[in-house]
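The values are calculated or read from the model by the stated rules, or taken from the named source; none is laboratory data. All figures in this text were calculated on a predicted structure; none of them were measured in a lab. Here Cβ is always computed from backbone atoms with ideal geometry, including for glycine, and neighbour counts include all displayed protein chains. Accessible surface is based on the protein model in full, side chains and every heavy atom, while ligands, DNA and RNA are left aside. Shrake-Rupley method; radii C 1.70, N 1.55, O 1.52, S 1.80 Å.
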Amino acid sequence: MLRLKLTFVLVLLISSTSFAQSYNPLWIPDTLSGTTFDLSIRDTFVQYKPGNQTITGGINEKFWGPTLIFNKGDVVHMKVRNFLNDSTTIHWHGMHLPAVMDGGPHQIIPPGTIWEPYWTVSNNAATYWYHPHLHQMTQEHITKGIGGFIIVRDSEEAALALPRSYGVDDIPLVLTSRRFDGSNAFVYQNISYGDEMLTNGVLKAEVSLPRQMVRFRILNAEIERGYMLGFSDNRTFYVIGNDGGLLNAPVAVTRLKLLVGERAEIMVDLGDDDIGKSIDMEAFNSGQAFGFPGGEPQSGGPLGSLLNNVDFPVLHITVAASTASKITSVPKTLAHNVYWTATDATVNKTVNVTDGTPGTNFTLDGKAFDFNAINKHTQLGAIEKWTITNNMVFSHAFHIHDVEFKIISRSSGAVGDYESGWKDVVALPRNESVTFVAKFDDYADAIHPYMYHCHFSNHEDGGMMGQFVVDNPASVLDKSTHSPEFTLFPNPAKNLLFAKFDDLNNSAYYGRIVAPNGRTLYMLPRPDMKNGIDISLIPTGSYFLQLTDEIGKITTTKKFIKE
Ligand code: C2O
Ligand code: CU
Ligand code: CU
């Protein structure tokens, strides 16, 4: 106890003179669970350095956001409030959900508006995340720190003897870096890499971990940097999960490559380490092959950084006493995934990385992202093989919305065992093509597309993104015979507002509650007409409900009074 106090005083003394010499405790985001999630996006600030505070963005937090715990099979309702002065979006990265709920560049949340998407969780137990996705603003909003983890739990994962005590032996790690300017502000413009490591939003992060098997859920949430992860003593660790679920069996490695947007769940054994011993999780980023993002030799400027082409610590770990319910081994079998194969695929698609010569932006298939152009169509239920080819000068991280896929081949040779599970981001080194197979089931929408893009947000903002629509040929109805008219009741209404379509076969595709001054207060994808629209939070007065009907996609506006 005395020693603890002395260390504490010492840390205070050191940190008051020089922040640079001490470690800071790793921040573990709070969790939110249940089926309704309140998320408030705000500008806020963090005292990272002596002098000015740094303006950051957070969701219910000063940087990053709460970890959302979902149970597979639950219907989750999100209430996303935008308190920024800018529009933004929140995308549920890796989730299989309707395009209108996806939070891509089309689902814009204006300032002061509440967006209420909901969906049934059908993803496997794994680590996902949520982040802004407003076109040409993604890099800025992600740099601010806006984002968060999603942990999906399911019965298959729950039946395994895996570390599962959040923040104790099951540790979420979001890896990113930032460049600070002379007044301690984050640099947003003309930058690919930060100069200082932030682990869970903390500079020089340190954590005490129990002397046993520890699980990390690691997310690369960088702008562009890749990580070649390992431990300072080169110990073996086990990859147990990829982006979209557990692997069938653990894969032993000493290094793990993680590009932007990718997640990995790993287990590392601290059981043979003495209490008090320290070990670092490190990025072994020096000496990578040409084209590795963050391997550039420059230490400054748009493509340089102080962390480029060097090895650097991402987390300082001190070993502490074990817990009562420790896990001491890695299960030999983890999951029973049956993956799609090339022979399951009935459609082949290709995407080529283009441009990117000095002075031009990277693009896909020779076209910069265009909001109004649908680049690809997919039929509901199709199993497709996509081949992504990169004959350009640099690496990329290819991501597709809606699905988890199985990588079936790489032109450079074998697919790594460490990436043999369900994926939604794939590393795309230069002069390589990679092929994956995915099934586009459950959700079709003729209006709202899903995205595919490079997950480097500077490349994405620069136009390295396309969009696809999942079509359902079976749902083509004769629109002329269906009426978009509806009646609102009760009117005036207090807490719940209902709408009934004249045509009983019709339903609501999208709803908006608009104030008399024209400001949108609520955005309600597929509003729930059976249980009513919750209007309890709006002040009394008169408003408009704009409902777009499902069949004709015609928007009709009705006035209502909130009392
Ligand atoms: Cu993580 Cu289209 O995004
Ligand atoms: Cu995504
Ligand atoms: Cu890219």
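Against the condition away from ligand 2 (no atom under 16 Å from the Cβ) and more than 30 Å from Lys204 (Cβ to Cβ), how does Pro111 come out, does it pass? Lay out the reasoning, then the answer.
Details: away from ligand 2 (no atom under 16 Å from the Cβ): yes; more than 30 Å from Lys204 (Cβ to Cβ): yes.
So Pro111 passes the test.
Okay, residues lined up against (1) on the phi > 0 side of the Ramachandran plot; (2) surrounded by 18 or more Cβ atoms within 10 Å (Cβ to Cβ); (3) within 19 Å of the chain's Cα centre (by Cα):
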{"residue": "Pro29", "(1), (2), (3)": "no, yes, yes"}
{"residue": "Gly34", "(1), (2), (3)": "yes, no, no"}
{"residue": "Ile41", "(1), (2), (3)": "no, yes, yes"}
{"residue": "Tyr48", "(1), (2), (3)": "no, yes, no"}
{"residue": "Gly51", "(1), (2), (3)": "yes, no, no"}
{"residue": "Gly57", "(1), (2), (3)": "no, yes, yes"}
{"residue": "Asn60", "(1), (2), (3)": "yes, yes, yes"}
{"residue": "Gly65", "(1), (2), (3)": "no, yes, yes"}
{"residue": "Phe70", "(1), (2), (3)": "no, yes, yes"}
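So which residues in segment 472-487 are assigned to a strand (DSSP E or B) and buried (at least 18 other Cβ atoms within 10 Å of the Cβ), if there are any at all?
Within segment 472-487, Phe486 is the sole residue that qualifies.
Could you tell me whether any residue of segment 439-456 is within 16 Å of ligand 3 (Cβ to nearest atom), open to solvent by 10 Å² or more (accessible area, probe 1.4 Å) and in contact (Cβ under 8 Å) with a residue 24 or more places away in the chain?
no
Can you work out which of the residues in segment 191-222 that are assigned to a strand (DSSP E or B) and small (Gly, Ala, Ser) is most open to solvent (accessible area, probe 1.4 Å)?
Once the filter is applied, the top-ranked residue is Ser208.
With Ala252, Ala289 as the choices, which residue is without any contact (Cβ under 8 Å) to a residue 24 or more places away in the chain and open to solvent by 50 Å² or more (accessible area, probe 1.4 Å)?
Ala252
For the subset of segment 516-563 comprising residues that are among the β-branched types (Val, Ile, Thr), assigned to a loop (DSSP other than H, G, I, E, B) and more than 30 Å from Ser480 (Cα to Cα), which member is most open to solvent (accessible area, probe 1.4 Å)? Let's see the steps before the verdict.
Within segment 516-563, the subset among the β-branched types (Val, Ile, Thr) is 520, 533, 535, 538, 540, 548, 551, 554-557, 561.
Next, from what is left, pick out any that are assigned to a loop (DSSP other than H, G, I, E, B): 535, 538, 540, 551, 554.
Still in the list and also more than 30 Å from Ser480 (Cα to Cα): 535, 538, 540.
Details: Ile535: 0, Ile538: 12, Thr540: 100 Å².
So, considering only residues that are among the β-branched types (Val, Ile, Thr), assigned to a loop (DSSP other than H, G, I, E, B) and more than 30 Å from Ser480 (Cα to Cα), the one most open to solvent (accessible area, probe 1.4 Å) is Thr540.
Sort out which residues of segment 132-190 are part of a loop (DSSP other than H, G, I, E, B) and β-branched (Val, Ile, Thr), and write them in order of number.
Ile146, Val168, Val187, listed by residue number.
Does Ile447 satisfy being part of a loop (DSSP other than H, G, I, E, B) and of a type in the set (Val, Ile, Thr)?
Criteria met by Ile447.
Which strands (runs of 3 or more DSSP E) sit wholly inside segment 316-418 and have at least 1 residues that are modelled with pLDDT of 95 or more, buried (at least 17 other Cβ atoms within 10 Å of the Cβ) and within 14 Å of ligand 3 (Cβ to nearest atom)? I'd like the intermediate steps shown before the answer.
Values: elements: 347-355, 362-364, 376-379, 382-390, 396-400, 406-410.
Counting at least 1 such residues, we get 347-355, 362-364, 382-390, 396-400.
Return the residue satisfying two criteria in turn: it lies in segment 515-553 and is touching a Leu at 6+ places or on another chain (Cβ under 7 Å) and without any contact (Cβ under 8 Å) to a residue 60 or more places away in the chain, and of such residues it is farthest from Asp445 (Cα to Cα). Talk me through it step by step, then tell me what you get.
Going residue by residue through segment 515-553, those that are touching a Leu at 6+ places or on another chain (Cβ under 7 Å) are 515, 532-535, 538, 545, 551.
Now restrict to residues that are without any contact (Cβ under 8 Å) to a residue 60 or more places away in the chain: 515, 532-535, 538, 545.
Numbers: Ala515: 28, Gly532: 23, Ile533: 22, Asp534: 25, Ile535: 27, Ile538: 30, Leu545: 22 Å.
Checking each candidate, the answer is Ile538.
Of the residues in segment 292-315, how many are surrounded by fewer than 19 Cβ atoms within 10 Å (Cβ to Cβ) and of a type in the set (Ser, Thr, Tyr)?
Total meeting the criteria: 1.
Could you list, in sequence order, the residues of segment 416-437 that are more than 15 Å from ligand 1 (Cβ to nearest atom) and under 21 Å from Trp119 (Cα atoms)?
Within segment 416-437, just Trp422 meets the criteria.
Here is a list: Thr318, Thr354. Which entry is of a type in the set (S, T, N, Q) and closer than 30 Å to Ile388 by Cα? Please lay out each step first, then the result.
Details: Thr318 fails: closer than 30 Å to Ile388 by Cα.
Going through Thr318, Thr354 in turn, just one is of a type in the set (S, T, N, Q) and closer than 30 Å to Ile388 by Cα: Thr354.
(1) within 26 Å of Asp549 (Cα to Cα); (2) buried (at least 21 other Cβ atoms within 10 Å of the Cβ); (3) in contact with a Lys or Arg (Cβ under 9 Å, 6 or more places away or on another chain): which one isn't true of Gly112, the others all being true?
It is condition (2) that Gly112 fails.
Restricting to segment 443-483, name every residue that is more than 12 Å from ligand 1 (Cβ to nearest atom), of a type in the set (Ser, Thr, Tyr) and modelled with pLDDT of 95 or more.
Result: Tyr443, single match.
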